[in-house]
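Let me begin by presenting the structure, written as C-alpha coordinates, before commenting on it.
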Amino acid sequence: MSTERGTVERLWGPVKLVIKTAAVLIFLTAAAFLALEQYTPEGVPILEYHKVNNRDTDEWTLTTDDFAAHLAYLSEQGYSTISTEQFARYQIGAFKLPPKPIIVTFDDGYDDMLDNMMPMMEAVGMRSTVYMVTNYIGRPHYLDWSDLNRLRRRGFELGSHTANHIPLTEMDNLPAFDEAKYSRIILWWYAHKRVTAFSYPEGKYDDRIVTYLKENDYLTAVTGEPGYNTTTTSPYHLRRVNITRPVKYLPSTAGLRIRLARAKLYHIFGWDIGEER
Ligand SMILES: [Zn+2]
(Lines give C-alpha, C1' and ligand atoms only; values in the text may rest on other atoms or scores of the structure.)
Protein backbone atom coordinates (compact mmCIF):
# COMPACT_ATOMS: atom_id res chain seq x y z
CA MET A 1 0.00 0.00 0.00
CA SER A 2 2.63 2.46 1.13
CA THR A 3 4.88 1.63 -1.89
CA GLU A 4 1.90 2.28 -4.21
CA ARG A 5 1.27 5.61 -2.55
CA GLY A 6 5.00 6.39 -2.89
CA THR A 7 4.89 5.65 -6.62
CA VAL A 8 1.81 7.85 -7.12
CA GLU A 9 3.47 10.69 -5.21
CA ARG A 10 6.65 10.30 -7.21
CA LEU A 11 4.73 10.43 -10.54
CA TRP A 12 2.48 13.32 -9.54
CA GLY A 13 5.32 15.85 -9.77
CA PRO A 14 6.17 15.22 -13.49
CA VAL A 15 2.45 14.87 -14.38
CA LYS A 16 1.73 18.26 -12.79
CA LEU A 17 4.59 19.77 -14.77
CA VAL A 18 3.24 18.35 -18.05
CA ILE A 19 -0.26 19.68 -17.31
CA LYS A 20 1.11 23.11 -16.40
CA THR A 21 3.29 23.26 -19.51
CA ALA A 22 0.36 22.20 -21.74
CA ALA A 23 -1.87 24.88 -20.15
CA VAL A 24 0.77 27.57 -20.73
CA LEU A 25 1.25 26.44 -24.35
CA ILE A 26 -2.50 26.45 -25.03
CA PHE A 27 -2.77 29.93 -23.49
CA LEU A 28 0.16 31.27 -25.54
CA THR A 29 -1.18 29.75 -28.79
CA ALA A 30 -4.63 31.24 -28.17
CA ALA A 31 -3.10 34.64 -27.34
CA ALA A 32 -0.91 34.54 -30.48
CA PHE A 33 -3.91 33.52 -32.60
CA LEU A 34 -6.06 36.37 -31.24
CA ALA A 35 -3.24 38.88 -31.76
CA LEU A 36 -2.76 37.60 -35.32
CA GLU A 37 -6.49 37.94 -35.93
CA GLN A 38 -6.41 41.62 -34.94
CA TYR A 39 -3.28 42.32 -36.98
CA THR A 40 -3.97 43.85 -40.40
CA PRO A 41 -1.03 43.50 -42.78
CA GLU A 42 -0.74 45.88 -45.70
CA GLY A 43 -2.13 44.04 -48.70
CA VAL A 44 -5.13 41.99 -49.62
CA PRO A 45 -6.22 38.45 -48.75
CA ILE A 46 -8.15 36.62 -51.46
CA LEU A 47 -10.64 33.99 -50.30
CA GLU A 48 -11.23 30.97 -52.52
CA TYR A 49 -14.68 29.37 -52.37
CA HIS A 50 -16.48 26.96 -54.70
CA LYS A 51 -20.11 26.23 -53.74
CA VAL A 52 -22.74 27.47 -51.30
CA ASN A 53 -25.78 25.19 -51.07
CA ASN A 54 -27.64 22.74 -48.85
CA ARG A 55 -27.62 19.97 -51.46
CA ASP A 56 -23.99 18.86 -51.85
CA THR A 57 -21.89 17.53 -48.98
CA ASP A 58 -18.40 17.49 -50.52
CA GLU A 59 -15.52 19.42 -49.01
CA TRP A 60 -15.91 22.28 -51.53
CA THR A 61 -19.48 23.07 -50.48
CA LEU A 62 -20.48 25.33 -47.60
CA THR A 63 -24.06 25.29 -46.35
CA THR A 64 -25.94 28.59 -46.54
CA ASP A 65 -25.73 28.82 -42.72
CA ASP A 66 -21.94 28.37 -42.80
CA PHE A 67 -21.53 30.97 -45.53
CA ALA A 68 -23.82 33.41 -43.68
CA ALA A 69 -21.59 32.95 -40.61
CA HIS A 70 -18.49 33.68 -42.73
CA LEU A 71 -20.05 36.87 -44.13
CA ALA A 72 -21.11 37.99 -40.64
CA TYR A 73 -17.56 37.41 -39.38
CA LEU A 74 -16.02 39.37 -42.28
CA SER A 75 -18.46 42.24 -41.72
CA GLU A 76 -17.78 42.30 -37.96
CA GLN A 77 -14.05 42.39 -38.64
CA GLY A 78 -14.60 45.42 -40.90
CA TYR A 79 -13.55 43.87 -44.20
CA SER A 80 -14.76 45.42 -47.46
CA THR A 81 -14.64 43.60 -50.76
CA ILE A 82 -12.82 44.86 -53.84
CA SER A 83 -12.49 43.30 -57.31
CA THR A 84 -9.32 41.84 -58.83
CA GLU A 85 -9.34 44.68 -61.35
CA GLN A 86 -9.32 47.22 -58.50
CA PHE A 87 -6.43 45.28 -56.96
CA ALA A 88 -4.50 45.50 -60.24
CA ARG A 89 -5.12 49.26 -60.26
CA TYR A 90 -3.97 49.50 -56.63
CA GLN A 91 -0.69 47.84 -57.63
CA ILE A 92 0.04 50.61 -60.11
CA GLY A 93 -1.08 53.35 -57.73
CA ALA A 94 -4.40 54.04 -59.46
CA PHE A 95 -6.78 52.77 -56.75
CA LYS A 96 -6.91 53.52 -53.04
CA LEU A 97 -7.67 50.48 -50.93
CA PRO A 98 -10.40 50.64 -48.27
CA PRO A 99 -9.14 50.09 -44.65
CA LYS A 100 -9.54 46.27 -44.59
CA PRO A 101 -9.74 45.14 -48.20
CA ILE A 102 -10.54 41.56 -49.17
CA ILE A 103 -11.33 39.79 -52.45
CA VAL A 104 -13.87 36.96 -52.35
CA THR A 105 -13.61 34.53 -55.27
CA PHE A 106 -15.63 31.54 -56.47
CA ASP A 107 -14.21 29.00 -58.91
CA ASP A 108 -16.04 26.89 -61.52
CA GLY A 109 -19.39 28.80 -61.80
CA TYR A 110 -22.03 26.64 -60.08
CA ASP A 111 -25.68 27.72 -60.26
CA ASP A 112 -25.89 28.30 -56.49
CA MET A 113 -23.97 31.52 -57.13
CA LEU A 114 -27.18 33.17 -58.29
CA ASP A 115 -29.63 31.67 -55.78
CA ASN A 116 -27.47 31.74 -52.64
CA MET A 117 -24.16 33.54 -52.94
CA MET A 118 -25.37 36.67 -54.78
CA PRO A 119 -28.30 37.64 -52.48
CA MET A 120 -26.32 36.73 -49.36
CA MET A 121 -23.37 38.90 -50.35
CA GLU A 122 -25.60 41.76 -51.50
CA ALA A 123 -27.37 41.72 -48.11
CA VAL A 124 -24.07 42.64 -46.41
CA GLY A 125 -22.91 45.03 -49.15
CA MET A 126 -20.23 42.71 -50.52
CA ARG A 127 -19.32 41.54 -54.02
CA SER A 128 -17.24 38.67 -55.39
CA THR A 129 -15.32 37.50 -58.43
CA VAL A 130 -16.69 34.40 -60.20
CA TYR A 131 -14.26 32.42 -62.36
CA MET A 132 -16.12 30.60 -65.13
CA VAL A 133 -15.25 27.43 -67.03
CA THR A 134 -16.87 28.61 -70.24
CA ASN A 135 -17.68 25.18 -71.74
CA TYR A 136 -19.61 24.32 -68.54
CA ILE A 137 -21.89 27.37 -68.84
CA GLY A 138 -25.54 26.27 -69.09
CA ARG A 139 -24.91 22.64 -68.06
CA PRO A 140 -27.00 21.22 -65.20
CA HIS A 141 -25.91 22.78 -61.86
CA TYR A 142 -23.90 25.51 -63.62
CA LEU A 143 -24.74 29.14 -64.29
CA ASP A 144 -26.14 30.02 -67.70
CA TRP A 145 -25.58 33.18 -69.74
CA SER A 146 -28.58 35.05 -68.36
CA ASP A 147 -27.37 34.27 -64.80
CA LEU A 148 -23.95 35.64 -65.70
CA ASN A 149 -25.43 38.80 -67.08
CA ARG A 150 -27.43 39.29 -63.88
CA LEU A 151 -24.31 38.80 -61.76
CA ARG A 152 -22.36 41.25 -63.87
CA ARG A 153 -25.12 43.87 -63.82
CA ARG A 154 -25.21 43.68 -60.00
CA GLY A 155 -21.50 44.43 -59.70
CA PHE A 156 -20.01 40.94 -59.51
CA GLU A 157 -16.80 40.45 -61.45
CA LEU A 158 -16.49 37.67 -64.02
CA GLY A 159 -13.19 35.96 -64.71
CA SER A 160 -11.95 33.06 -66.80
CA HIS A 161 -11.15 29.64 -65.36
CA THR A 162 -10.39 28.43 -68.93
CA ALA A 163 -12.76 26.72 -71.37
CA ASN A 164 -12.41 23.10 -70.18
CA HIS A 165 -10.78 23.13 -66.71
CA ILE A 166 -7.72 21.10 -67.75
CA PRO A 167 -4.47 21.93 -65.90
CA LEU A 168 -2.60 24.11 -68.42
CA THR A 169 0.79 22.77 -67.36
CA GLU A 170 -0.18 19.44 -68.93
CA MET A 171 -0.96 20.95 -72.34
CA ASP A 172 1.09 22.01 -75.37
CA ASN A 173 1.44 25.75 -76.02
CA LEU A 174 -1.27 26.23 -78.62
CA PRO A 175 -4.15 24.38 -76.89
CA ALA A 176 -3.13 25.88 -73.52
CA PHE A 177 -3.14 29.43 -74.92
CA ASP A 178 -6.45 28.75 -76.69
CA GLU A 179 -8.02 27.83 -73.34
CA ALA A 180 -7.16 31.30 -72.02
CA LYS A 181 -7.90 33.07 -75.29
CA TYR A 182 -11.32 31.68 -76.25
CA SER A 183 -12.76 31.54 -72.72
CA ARG A 184 -12.02 35.26 -72.45
CA ILE A 185 -13.46 36.13 -75.85
CA ILE A 186 -16.68 34.21 -75.27
CA LEU A 187 -17.18 35.76 -71.82
CA TRP A 188 -16.59 39.20 -73.24
CA TRP A 189 -18.92 38.51 -76.17
CA TYR A 190 -21.91 37.11 -74.26
CA ALA A 191 -21.55 38.83 -70.90
CA HIS A 192 -20.78 42.20 -72.48
CA LYS A 193 -17.84 43.00 -70.27
CA ARG A 194 -14.11 43.02 -70.72
CA VAL A 195 -12.55 40.14 -68.77
CA THR A 196 -9.18 40.66 -67.10
CA ALA A 197 -9.22 38.05 -64.31
CA PHE A 198 -7.90 34.51 -64.59
CA SER A 199 -7.85 31.47 -62.29
CA TYR A 200 -5.47 28.57 -63.06
CA PRO A 201 -7.27 25.18 -63.14
CA GLU A 202 -6.09 23.23 -60.07
CA GLY A 203 -3.85 26.23 -59.33
CA LYS A 204 -1.23 24.92 -61.79
CA TYR A 205 0.81 27.34 -63.91
CA ASP A 206 4.20 27.71 -65.56
CA ASP A 207 6.22 30.48 -67.26
CA ARG A 208 4.63 29.89 -70.69
CA ILE A 209 1.12 30.49 -69.36
CA VAL A 210 2.13 33.49 -67.25
CA THR A 211 3.81 35.13 -70.26
CA TYR A 212 0.76 34.46 -72.42
CA LEU A 213 -1.60 36.05 -69.86
CA LYS A 214 0.67 39.08 -69.44
CA GLU A 215 0.88 39.67 -73.18
CA ASN A 216 -2.82 39.17 -73.82
CA ASP A 217 -4.56 41.72 -71.60
CA TYR A 218 -5.20 39.61 -68.54
CA LEU A 219 -4.37 41.80 -65.56
CA THR A 220 -4.41 39.20 -62.77
CA ALA A 221 -4.27 35.44 -62.19
CA VAL A 222 -4.95 33.60 -58.93
CA THR A 223 -3.15 30.50 -57.65
CA GLY A 224 -3.99 28.19 -54.75
CA GLU A 225 -0.92 29.19 -52.72
CA PRO A 226 -1.54 30.81 -49.33
CA GLY A 227 -0.53 34.35 -48.38
CA TYR A 228 -1.34 38.04 -48.74
CA ASN A 229 -1.09 40.14 -51.88
CA THR A 230 0.80 43.42 -51.80
CA THR A 231 2.21 45.92 -54.30
CA THR A 232 5.20 43.63 -54.84
CA THR A 233 3.27 40.38 -55.41
CA SER A 234 3.28 39.34 -59.05
CA PRO A 235 -0.30 39.92 -60.29
CA TYR A 236 -0.02 36.56 -62.13
CA HIS A 237 0.85 34.67 -58.94
CA LEU A 238 -1.81 35.99 -56.59
CA ARG A 239 -2.11 34.10 -53.29
CA ARG A 240 -5.41 32.75 -52.05
CA VAL A 241 -6.90 31.54 -48.80
CA ASN A 242 -8.61 28.30 -49.71
CA ILE A 243 -11.85 27.76 -47.77
CA THR A 244 -13.35 24.29 -47.43
CA ARG A 245 -16.40 22.90 -45.62
CA PRO A 246 -16.18 23.57 -41.85
CA VAL A 247 -15.16 20.64 -39.65
CA LYS A 248 -18.10 19.07 -37.81
CA TYR A 249 -18.60 20.21 -34.18
CA LEU A 250 -16.35 23.26 -34.67
CA PRO A 251 -17.86 26.75 -35.16
CA SER A 252 -18.62 27.56 -38.85
CA THR A 253 -16.00 30.30 -38.92
CA ALA A 254 -13.16 28.34 -37.25
CA GLY A 255 -11.61 27.20 -40.55
CA LEU A 256 -11.90 30.66 -42.11
CA ARG A 257 -10.29 32.31 -39.07
CA ILE A 258 -7.45 29.77 -38.89
CA ARG A 259 -6.71 29.99 -42.61
CA LEU A 260 -6.75 33.79 -42.60
CA ALA A 261 -4.33 33.72 -39.65
CA ARG A 262 -2.16 31.22 -41.56
CA ALA A 263 -2.04 33.56 -44.58
CA LYS A 264 -0.89 36.35 -42.24
CA LEU A 265 1.87 34.08 -40.88
CA TYR A 266 3.02 33.39 -44.46
CA HIS A 267 3.09 37.14 -44.97
CA ILE A 268 4.92 37.95 -41.73
CA PHE A 269 7.66 35.37 -42.36
CA GLY A 270 7.89 36.17 -46.06
CA TRP A 271 6.91 32.65 -47.16
CA ASP A 272 4.45 34.19 -49.64
CA ILE A 273 7.01 36.26 -51.49
CA GLY A 274 7.52 33.74 -54.31
CA GLU A 275 7.73 35.36 -57.72
CA GLU A 276 8.15 39.13 -57.54
CA ARG A 277 6.59 41.55 -59.99
ZN1 LIG B 1 -11.67 24.88 -60.62
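The values are calculated or read from the model by the stated rules, or taken from the named source; none is laboratory data. As the structure is a computational prediction, the values presented were derived from the model and not from experiment. No Cβ is skipped: glycine too gets one built from the backbone with ideal geometry, and neighbour counts run over all protein chains shown.
Does any residue of the range 213-226 turn out to be within 20 Å of ILE82 (Cβ to Cβ), touching a Leu at 6+ places or on another chain (Cβ under 6 Å) and in a helix (DSSP H, G or I)? The answer is no, given that none of the residues of the range 213-226 is within 20 Å of ILE82 (Cβ to Cβ), touching a Leu at 6+ places or on another chain (Cβ under 6 Å) and in a helix (DSSP H, G or I).
So for the range 116-124 (the condition being in contact with a Pro (Cβ under 8 Å, 6 or more places away or on another chain), of a type in the set (Val, Ile, Thr) and assigned by TED's automatic domain parsing to the domain that holds TYR200), does at least one residue qualify? Within the range 116-124 (the criterion being in contact with a Pro (Cβ under 8 Å, 6 or more places away or on another chain), of a type in the set (Val, Ile, Thr) and assigned by TED's automatic domain parsing to the domain that holds TYR200), the answer is no, since none of the residues qualifies.
When HIS70 is tested against (1) of a type outside the set (A, V, I, L, M, F, W, C); (2) surrounded by 22 or more Cβ atoms within 10 Å (Cβ to Cβ); (3) within 16 Å of the ligand (Cβ to nearest atom), exactly one condition is not met: (3). Of the residues that make up the range 251-272, is at least one surrounded by fewer than 20 Cβ atoms within 10 Å (Cβ to Cβ) and over 24 Å from LEU36 (Cα atoms)? Looking for residues that are surrounded by fewer than 20 Cβ atoms within 10 Å (Cβ to Cβ) and over 24 Å from LEU36 (Cα atoms), one finds none in the range 251-272, hence no.
The set of residues in the range 122-169 that are on the phi > 0 side of the Ramachandran plot and away from the ligand (no atom under 16 Å from the Cβ) comprises GLY125, GLY138, GLY155.
If you go through the range 58-71 and keep only what is over 14 Å from the mean Cα position of the chain (by Cα), part of a helix (DSSP H, G or I) and more than 14 Å from PRO119 (Cα to Cα), you end up with ASP66, ALA69.
Inside the range 33-57, residues that are assigned to a loop (DSSP other than H, G, I, E, B) and of a type in the set (Phe, Trp, Tyr) make up a count of 1.
Checking the condition small (Gly, Ala, Ser) and farther than 30 Å from ARG150 by Cβ, which residue from SER183, SER234, SER199 passes? Spell out the reasoning first.
On the way: SER183 fails: farther than 30 Å from ARG150 by Cβ; SER199 fails: farther than 30 Å from ARG150 by Cβ.
None of the others qualify; the one that does is SER234.
For the range 134-174, a tally of residues being farther than 15 Å from TYR110 by Cβ and aliphatic (A, V, I, L, M) returns 5. Across the range 196-212, the number of residues qualifying as in contact with a helix residue (DSSP H, G or I) (Cβ under 8 Å, 6 or more places away or on another chain), outside any helix (DSSP H, G or I) and within 16 Å of the ligand (Cβ to nearest atom) comes to 5.
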